[in-house]
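Structure first, then comments.
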Amino acid sequence: MNFANGNSGMNEVHARAKQLIDQHHVEGLSEQERAWLDAHLRDCGECSTVAESTENALRTLRSNAIPFPSGLASRTQFRVRLRAQQLEERAPRRLAIWAIAGVSWALGIATAPYVWQLFAWAGERLHVPKLAWELGFGLWWLIPALIAGAILLAESPRQKFSEGKQRG
């Protein structure tokens, strides 16, 4: 559209019409927007031409057949089934990890007051500063989680490597 007549208000109207033409084909329009666009297209030949050319271009694109390699669908289905099977095989193991983690946290919470008293008693007897034995208590909780995280991280690259080896 070329509206070089200097009327910026009309340019904004045509820009809105162009935006709504595009939006109509992608997202759809509200009834109010559709009514405004239809009225504008009846009155404006250039916008009507833009709408027709857009419609023709989309119709042409939809009518073109895109050739796919033979067997693509069956190979894709095979890969999806294979991946689903791999995930199913890991599910019980992940459940066991979560169950062990849950039991560990439950036991940690249940024994926390006793461990706290033990650290306080040992800190007092050994003349360790309060901050030091409190940090020790925090590490008592943190170290098992760090070890479990390290194991999971170390296991992850091995799984990716073995999956890549199966593909190649």
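Here the label points at Thr49 and Ala84, each 7 Å from Cα along the C-beta direction, are separated by 5.3 nm in the simple model.
Using R₀ = 30 Å, calculate the FRET efficiency as 1/(1 + (r/R₀)^6) where r is the Cβ-Cβ separation of Tyr114 and Ala148; round to 0.05. The partial results should precede the final answer.
Values: r = 22 Å, r/R0 = 0.75.
Calculated value: 0.85.
Bear in mind these aren't lab numbers, they're just calculated from the coordinates by the rules spelled out. Predicted model, so just to flag it, every value in this text is computed and none were measured. Note that each Cβ is placed from the backbone with ideal geometry, even for glycine, and that neighbours are counted across all protein chains shown.
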